[in-house]
Amino acid sequence: MATEIKAPTFPESVAEGTVAAWHKKPGDSVERDELIVEIETDKVVLEVVAPEAGTLTDVMAEEGDTVASEQVLGKIGEGSASSSKEESSSEAPKEEKQEKPASGGNGGGKQHDVKAPSFPESIQEGTVATWHKKVGEAVKRDDVLADIETDKVVLEVVAPADGALAEIKAEEGSQVESEAILAVFTEGAGGDSGSESDGDSAPAKAGSSDDDGADEKVGDKILAPAARKMVAEHDLDVAKIEGTGKGGRILKEDVQKAVKDGSAKKSAKSAAPAKAAATPVAEGERVEKRVPMSRLRQTIAKRLVQAQQTAAMLTTYNEVDMTEIMALRAQYKDTFLKAHDIKLGFMGFFVKAASEALKRYPDVNASIDGTDIVYHGYQDIGVAVSTDRGLVVPVLRDTDSMKIADVERTIVDFGKRGRDGKLGMDDMIGGTFTITNGGTFGSLMSTPIINPPQTAILGMHKIQDRPMAINGKVEIRPMMYLALSYDHRMIDGKDAVQFLVTLKELLEDPARLLLDI
């Protein structure tokens with residue numbers, strides 16, 4: 001009896017989705033809970049897994065089709081892929097033809113195309129940041145093969161099974177689109193079998209990694225296109241490379257072996273012109289280095305300029321006396337650490353105070369969508385995190401219901417994952433208000449820029465002792481400047497100032513947070 005594969009139940013705000021990619025074809029065997037198809041909505045990409053083990057018999061919604069919630073996408077029948085292949089004689093020769101080169105070329109099994117992840121609609125393309133595995137290197141299922149850097153996050157591409165990379169089609173630094181083929185992966189392969197296989201396997205190798213483009217003859221050597229490119233990149237002496245392809249043809253694997261062994265380096269005499277071309281840097285010379293701007297940095301630049309060009313942005317300032325909060329931290333920091341296994345910082349107080357102030361002034365928590373104003377009945381506060389790649393803004397969800405310990409723990413986790421490039425798309429989507437803390441770097445005063453489509457952002461700064469007039473006397477107090485940048489199209493100056501004053505009052509007297517006054 002056939003089992004139906006259905007689209008997930010979409011949230012109320014999502015009316016329909018698009019079939020982004022089928023990971024199985026009719027006749028392929030599937031295991032229970034194995035990924036079969038991906039559905040892309042206007043917010044996220046949803047994965048559909050096999051409800052039962054069996055064979056994919058029907059695909060009822062092709063890639064690119066629009067589907068509704070719970071719509072039937074395909075069917076899974078009983079039995080294995082092999083039995084369905086026997087029943088379908090017209091497809092059997094094609095399957096055999098595809099699998100023979102794989103088993104002959106690498107001593108492994110079935111070959112897979114390693115594809116880039118499905119990007120959300122807001123992301124057009126990504127950059128291949130790093131390949132963690134080399135061609136021929138043995139890998140385990142779900143090992144990270146490559147990192148794809150988008151303008152928001154770094155996405156990991158993992159191995160579909162135990163085996164090895166047979167060919168890399170998208171080198172580091174190349175631009176790739178959603179679902180683009182990055183590499184060819186062979187099940188069961190690994191080690192150096194790809195470069196040490198006998199003459200019978202040479203045609204398979206040539207077909208798998210060097211079949212695009214025309215061969216080139218250099219001296220008495222014949223270079224495959226992929227091999228020619230690698231020779232140029234590493235500036236190798238072709239005469240010193242032994243070809244294992246048909247008729248002595250030099251394959252990409254031969255060049256990789258020569259690079260690894262260091263046996264094809266050009267002699268000092270042949271390398272002299274190249275060295276002469278590179279002018280040595282004289283002492284005292286002013287050196288310049290040009291590197292391409294990362295995709296994240298390009299997006300940051302674009303969004304900041306967009307915010308300044310489209311929003312009527314103003315900034316209002318105030319200052320807060322941090323005496324009470326610092327006293328609380330000093331009194332309870334050890335107890336807090338023992339109870340929650342996390343240090344008590346300042347951000348927890350600011351997030352909780354901002355959540356309360358946003359409830360009192362809903363305009364500051366709203367966003368602009370075209371000519372509409374969207375009022376949010378919840379507080380999702382983004383916290384700016386600095387990483388080596390640039391500034392990212394992961395979002396704390398429903399901060400009004402979070403405890404200070406939860407806020408501190410989540411922010412520490414955001415910082416760690418941000419530095420490791422492990423923040424996901426779900427961590428960055430949404431947000432009704434943003435807090436950025438330039439004080440960690442020593443900033444005394446700054447003007448933060450709004451994070452569209454939000455209408456306001458709070459800037460925290462360095463805590464510095466300053467003389468203040470307290471009850472007619474001069475006292476030294478730990479003071480912090482606060483800056484609220486806001487979109488004047490949405491927020492009036494009166495509301496912006498009163499929001500900042502409320503924030504100041506809640507922070508200077510933290511008991512107000514408990515008493516809701």
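Kindly state, to the nearest 0.05, the FRET efficiency for GLU475 paired with TYR378, given R0 = 41 Å and r defined as their beta-carbon distance.
Working: r = 40 Å, r/R0 = 0.97.
Computed FRET efficiency for GLU475 and TYR378 comes out at 0.55.
With just the Cα atoms of the stretch 295-515, tell me how far they stretch along each of the three principal axes, in Å, largest first.
Answer, in whole Å and largest first: 49, 40, 32 Å.
Considering amide H positions built from the backbone, and no H for Pro or chain starts, which residues 5 or more places from ARG477, or on another chain, come under 5 Å of its amide H?
For ARG477, whose amide H was placed from the backbone, the distant partners under 5 Å are ARG466, MET468.
Say each of ASP28 and GLU78 gets a label point 7 Å from the Cα, pointing the same way as Cα to Cβ; how far apart are those two points in nm?
Result: 2.4 nm between the two label points.
Please compute the length gained on full extension between THR440 and VAL291, using 0.36 nm multiplied by the number of residues separating them and subtracting their Cα-Cα distance.
Values: separation 149, 0.36 × 149 = 53.64 nm, distance 2.79 nm.
Roughly 50.9 nm would be gained on extension.
Across the stretch 473-489, in residue order, what do the Karplus-derived ³J(HN,Hα) couplings come to in whole Hz, using 6.51 cos²θ - 1.76 cosθ + 1.60 with θ = phi - 60° and x for Gly and Pro?
Whole-Hz 3J(HN,Hα) from phi for the stretch 473-489: 10, 8, 10, 8, 10, x, 10, 9, 7, 10, 10, 10, 8, 9, 8, 5, 5.
For ASP413 and ASP492, compute 0.36 nm times the residue count separating them, minus their Cα-Cα distance, and round to one decimal in nm.
On the way: separation 79, 0.36 × 79 = 28.44 nm, distance 3.56 nm.
Here the segment from ASP413 to ASP492 would lengthen by 24.9 nm.
Please compute the modelled spin-label separation between ALA161 and ASN318, points set 7 Å along Cα→Cβ, answer in nm with one decimal.
For the pair ASN318/ALA161, the computed spacing is 6.3 nm.
Sorted by packing (mean other beta-carbon atoms within 10 Å per residue), highest first, where do 157-167, 136-146 land? Kindly include the intermediate steps, with their values, before the conclusion.
Details: 157-167: 20.8, 136-146: 16.5.
Highest mean packing first, the order is 157-167, 136-146.
Name the long-range amide H neighbours of LEU145: under 5 Å, sequence gap of 5 or more, or other chain; modelled H, no Pro or chain starts.
Sorted by chain and number, the residues that satisfy this are VAL157, VAL158, ALA159.
In the neighborhood of ALA496, defined by Cβ-to-Cβ distances under 12 Å, what is the net charge if each Lys or Arg adds +1 and each Asp or Glu adds -1?
Combined, the nearby Lys, Arg, Asp and Glu give -3.
What does the charge add up to near ASP33, with Lys and Arg as +1, Asp and Glu as -1, over the other residues with Cβ less than 12 Å from its Cβ? Walk me through the numbers on the way to the answer.
Working: positive: ARG32; negative: GLU31, GLU34, GLU47, GLU52.
Local net charge: -3.
Under the Karplus relation 6.51 cos²θ - 1.76 cosθ + 1.60, θ = phi - 60°, what is the ordered set of whole-Hz ³J(HN,Hα) values for the stretch 338-344, x standing for Gly and Pro?
Those phi angles translate into 5, 6, 10, 6, 8, 6, 8 Hz.
Can you put ASP398, ASP147 in order of Cβ neighbours within 10 angstrom, beginning with the fewest?
By the 10 Å Cβ count, ascending: ASP398, ASP147.
Take each of the peptides 54-67, 376-389, average the number of other beta-carbon atoms within 10 Å over its residues, and list them starting from the highest.
Working: 54-67: 16.1, 376-389: 18.3.
For the peptides 54-67, 376-389, the packing ranking is 376-389, 54-67.
Taking θ as phi - 60°, what are the ³J(HN,Hα) couplings along the stretch 311-323 by the Karplus curve (6.51, -1.76, 1.60), each to the nearest whole Hz, with x for Gly and Pro?
Result, rounded to whole Hz: 9, 8, 8, 10, 10, 10, 10, 7, 9, 10, 7, 8, 4.
Given the peptides 237-245, 447-455, 170-178, arrange them by the average over their residues of other C-beta atoms within 10 Å, most packed first.
Details: 237-245: 17.6, 447-455: 20.0, 170-178: 14.6.
Packing proxy ranking, top to bottom: 447-455, 237-245, 170-178.
Taking just the alpha-carbon atoms of the stretch 419-498, what radius of gyration and Dmax come out, in angstrom?
In Å, with Rg to one decimal and Dmax whole: 16.6, 53.
By how many nm would the segment from GLN309 to LYS6 grow when fully extended, if each residue of separation counts as 0.36 nm and the alpha-carbon distance is taken off? Show your work: numbers first, answer last.
Numbers: separation 303, 0.36 × 303 = 109.08 nm, distance 4.47 nm.
Gain on stretching GLN309 to LYS6: 104.6 nm.
Using the Kirkwood formula over every pair of different C-alpha atoms, what hydrodynamic radius in Å results for the stretch 307-369?
Working: mean 1/r = 0.0676 Å⁻¹.
Kirkwood radius, the stretch 307-369: 14.8 Å.
Under 5 Å between amide hydrogens, which residues at least 5 positions from MET60 or on another chain qualify, with H placed 1.01 Å from N in the peptide plane?
Hits under the 5 Å cutoff: GLY74, LYS75.
None of the figures in this text is laboratory data; all of them are computed from the coordinates on show. As the structure is a prediction and not an experimental result, all values here were calculated from the model. Heads up, the Cβs are rebuilt from the backbone with ideal geometry, glycines too, and the neighbour counts pull from every protein chain shown.
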